[in-house]
1. With just the Cα atoms defining each centre, how far is the range 29-90 from the range 1-19? Give it in Å.
2. Where the only charges are on Cβ atoms (+1 Lys, Arg; -1 Asp, Glu), what is the dipole of the range 121-207 about its Cα centre, to the nearest 20 debye?
3. Which of the aspartates and glutamates could be linked to LYS95 by a straight reach, that is with a Cα gap under 19 Å, when you skip same-chain ones fewer than 8 residues away?
4. If I stretch the segment between GLN22 and THR3 completely, what's the gain in nm (0.36 nm per residue apart, minus their alpha carbon distance), one decimal?
5. Starting from 0.36 nm per residue, how many nanometres of slack lie between LEU204 and LEU228 once their C-alpha separation is accounted for?
6. Take THR58, project a point 7 Å from its Cα along the Cβ direction, then tell me which residues of the range 89-128 have their backbone nitrogen under 18 Å from it.
7. Can you list the trypsin sites (Lys or Arg not before Pro) in the range 128-197 that are in a DSSP coil and have 15 or fewer other beta carbons within 10 angstrom?
8. How long are the three semi-axes of the equivalent ellipsoid of the range 113-173, in whole Å, if each is the root of 5 times an eigenvalue of the C-alpha gyration tensor, listed from largest down?
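Coordinate-derived values only; no laboratory data. If you're wondering where the values come from, they're calculated on a predicted model, not measured in any experiment. Every residue, glycine among them, receives a Cβ derived from its backbone with ideal geometry; neighbour counts consider all protein chains shown.
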Amino acid sequence: MKTVMAGIDLHSNNAMVGLVDQDGGRLAHRKLECDLKEIVAFLEPYKGGLESVAVESTYNWYWLVDGLKAQGYPVVLANPAKIDQYSGIKHADDKNDAFFLAELSRLKILPTGYVYDPLLRPVRDLLRRRMSLVHQRTSLMLSFKSLYTRTTGRGMKLSQLKGMTVAEAKALYEHPANQLIAQVHKGHIEGLSQSIEKIEEVVLKASSQLPYDRKAAKTSTVIATKALACKLAKAAWYLMAEGSEYDERRVFPELAVKAQNGFGESGRQPAKGVGEKPLGLIGGDRTPAKC
């Protein structure tokens, strides 16, 4: 069987799948519902020769990538932000987009993204929500302070804003409209602060269950932070100098072992040599000097 590459143009309610062989010939394509069973059934006859299944990194890729990986498919996450559409394509539609992803995979020039561990991904998403809430709160604080400066000619310290109650915010103004604005802004600021604190509690609890804190427990937080920064700097050097791909199983071999025992992705085998080398490197077999 010839080597086969698949590309999946994923949308909110359908997925277009295109398959090409090692010579670039188009084998098959089909528009399917966003249903894992349907997609697996279509790919199944080609599974023995599948070299890669490129899924476009849309907002809803989690279920598809995780589902295909769990069934042993060689999934890669295509990064659409770095894909330049070929100007020679006459028809830009879902079918050609799917075949284009497969063709880039065949030529080994497909820009890919990192598939985050599905068990840790919710915590990452939670941190992203926290960042969004912090931005909203900052915007409201700036608006509150701007209103005060416009109406009084005086500035307001952030500590003063944080310390006042909703009733005190209302009392700053005489006009009912300004009173309402102050009440609404302050109420939203307090609500966002409470939500941010809840998220931080959950994230801290989740992080305490991860094996990142062994160095800090043995030495100190400062030394552990420096050690982590050193390891990440080495990883970044290999990525830039040698064009290697990031492999968290080599940077953090302890997590790879944990993943194999049920902490990480289901059924994923650690990279060859994981656990044998204390320094998890990214590219090549050279060992840089210790920090």
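1. 5
2. Dipole of the range 121-207, to the nearest 20 debye: 320 debye.
3. Those aspartates and glutamates meeting the cut-off are ASP9, ASP21, ASP23, GLU33, ASP35, GLU38, GLU56, ASP84, GLU103.
4. Here the answer is 6.3 nm.
5. Extra length available between LEU204 and LEU228 comes to 6.8 nm.
6. 92-103, 113, by backbone N distance to the label point.
7. For trypsin sites (Lys or Arg not before Pro) across the range 128-197 that sit outside H, G, I, E and B with at most 15 neighbouring Cβ atoms in 10 Å, the list reads ARG154, LYS157.
8. Here the semi-axes work out to 37, 12, 8 Å.
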